[in-house]
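Notes follow once the structure below has been shown.
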Amino acid sequence: MTSSGDATATDAQTAGVVAVADCWAFAERQLRRLLRRAPGQTPTYTENGRWVLNEDPWAPTWSGGFLAGMLWILAARTGDAWWREQAEWYSRLLEPRKDDTGTHDIGFVLEPSWGRWYDLEPHGHAREVLIDGGRTMAGRLQLPGGYLRTWVDPGSTFIDVMMNVGIIFRAARYSDDPALWDAALRHSHTSRRFLMRGDGSTAHEAWFDPQTGEFLRTATHQGWRSDSTWARGQAWAIYGFTVAHLHTGDEALLDAACRAADFYIAATPVGQVPPNDWSDPAPPEPWESSAAAIATAGMFRLAAVRGAGERRDRYRDYAKRSLRALRTPEFLAVGTSGWEGIVKHAIYHRRNGLGIDESVMFGDYYFLEALDLAEHVDEGEEEP
Ligand code: GLY
């Protein structure tokens, strides 16, 4: 099951790294097993390695798109009709969410599902779903302050919301609606200004006076404390600002993505996985692997930005090493009997006691995305 990996790695670095083909085969087995056990269900995290099928007690359902996204990745890679059928079915189950005004996570739900479907095979219905979802998401714009509000409060926004501007930019392009474009751009710049600090680290949440738009303070839900750096939030920033730049070509957003990535790299030695929050002096668990999976996928995307030059090698090489760490049996559940997820040692919500040192669906999704991107990263650059 182990491979000799790439020729440039030392023996120590290579030892125990699971071959890419075996990672894919393992992911297929795990997903087939979940689809058989709980058809149509979209769990968020595991408990003792088993997917929890109850409603997520922390957030209005936000993670359903990740399972559909993995099914689309497999459908596209394998050309297998069964994966394709499942991907379509899971995506259709999510279609009503295009009108969901109760969450700021419409992009998380619809981009891995309907977005991947459209990217694979552009068609009118998927386009309509994405436009509707983008409009619903843009409806969260809080004009004073210029941010997309979270489900927590009209005065709150999260760094995670940067992962949900992409669907608004898409909807703006597909429908030729400048108001949508403006909403996504305004939110991106507000996030850059108030959620990103001078050293490139990020806060989880920013609070504003919803009437005047005045910035009040930062806070956190899943990190250590209000002035700390929650690793997954940092990873969302890398990925989210990169996507915002790819849609707009806006250099300030590219700079934000690079600064977020540089902070992550400085805080996480090459080939390692961060804790839940770097500022916590005594993190109860050593790792939050979903942050590593998201940052890895985000850095592969950042490395592919047109004209990245020197940056390209820096982010690509770091991402390759990070992916190798996740491919070891310490993280990949390949040798863990009875475990239903793909990547172990993630944390969903430490304070609320949810999914601690477990698998999370978004960690599995971004791991597979990173595995997929790694195969193409040397091929070319993405259009902004
Ligand atoms: N809801 C986004 C996250 O838990 O990262």
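Summary of values
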{"quantity": "Size descriptor, Kirkwood hydrodynamic radius, that averages inverse alpha-carbon separations across the range 241-384, Å", "calculated": "15.6 Å"}
{"quantity": "Most mobile listed residue (Gly213, Gly79, Gly298) in the chain, GNM with C-alpha springs under 10 Å", "calculated": "Gly79"}
{"quantity": "Projected area, mean over directions - the range 86-201, Cα convex hull, nm²", "calculated": "7.5 nm²"}
{"quantity": "Computed over the chain: relative contact order in percent, which uses C-alpha pairs under 8 Å that are six or more apart", "calculated": "16 percent"}
{"quantity": "Expected 222 nm ellipticity per residue - DSSP helices of 4 or more, -39500 (n - 2.57), all of the chain, to 500", "calculated": "-15000 deg cm²/dmol"}
{"quantity": "Cα-only radius of gyration and Dmax that characterise the chain, units Å", "calculated": "19.3, 59"}
{"quantity": "Rg to Rh, two decimals, where the range 230-291 supplies the alpha carbon set and Rh follows Kirkwood", "calculated": "1.05"}
{"quantity": "Ratio Rg/Rh [Cα only; Rh per Kirkwood] for the range 190-293", "calculated": "0.99"}
{"quantity": "Relative contact order (percent, whole number), the range 227-316, Cα cutoff 8 Å, 6+ residue spacing", "calculated": "35 percent"}
{"quantity": "Percent carbon-and-sulfur accessible area, the chain, ignoring ligands, DNA and RNA, probe 1.4 Å", "calculated": "48 percent"}
{"quantity": "Bins of 5 Å from zero: percent of alpha-carbon pairs in the range 288-352", "calculated": "4, 18, 22, 18, 15, 11, 8, 4, 1, 0"}
{"quantity": "Per residue solvent-accessible surface (Å²) - the chain, probe of 1.4 Å", "calculated": "37 Å²"}
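The values are calculated or read from the model by the stated rules, or taken from the named source; none is laboratory data. Just so we're clear, the structure is a prediction, and the values are computed from it rather than from any experiment. Surface areas here come from the heavy atoms of the whole protein model, side chains and all, with no ligands, DNA or RNA. Shrake-Rupley method; radii C 1.70, N 1.55, O 1.52, S 1.80 Å.
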